[in-house]
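Data block below; observations after.
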């Protein structure tokens, strides 16, 4: 079973995952762009039982476009968002793929809020796309 570690920039907040992600997705919503500081955000969902979190985190929650609450966990020292959880699905933890800093991480298979995608962003041809 594969094991991966994601962490914040200073290394204080870490998350260790077991196995492959249940889903890797790209989000083009405006809030994810703001949160990630990029043109889109990429996250990998793991079953909560396959996740081990170490370190201290601060949380911030927001209600998304669909009416669901997401709680983001970030390092109180460096401010990096490492993972988040959805109130609508407490069985998974979503980890920011960039926090793995692994260029061999599996590619996304799901892309949401396509209508807000920057026109210069290209994704795999076979990715599932949702507006």
Residue 99 - would you say it is surrounded by 15 or more Cβ atoms within 10 Å (Cβ to Cβ), modelled with pLDDT of 95 or more and not in a strand (DSSP E or B)? yes
Could you check residue 130 against (1) at negative phi; (2) out of contact with any helix residue (DSSP H, G or I) (no Cβ under 7 Å at 6 or more places or on another chain) and say which number it fails? (2)
I'm told residue 126 meets every condition in (1) buried (at least 16 other Cβ atoms within 10 Å of the Cβ); (2) over 21 Å from residue 6 (Cβ atoms); (3) free of Cβ contacts under 8 Å to residues at least 60 places away in the same chain except one. Can you identify the failing condition by its number? (1)
Kindly list the number of the only condition in (1) within 20 Å of residue 122 (Cα to Cα); (2) at pLDDT 95 or above that fails for residue 46. (1)
Scanning region 1-14 for residues that are assigned to a loop (DSSP other than H, G, I, E, B) and touching a strand residue (DSSP E or B) at 6+ places or on another chain (Cβ under 7 Å), which turns out surrounded by the fewest Cβ atoms within 10 Å (Cβ to Cβ)? 1
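The values are calculated or read from the model by the stated rules, or taken from the named source; none is laboratory data. Keep in mind that what you see is a predicted model, and the values were worked out from it rather than measured. Positions of Cβ are generated from backbone atoms using ideal geometry, with glycine treated the same way; all protein chains shown enter the neighbour counts.
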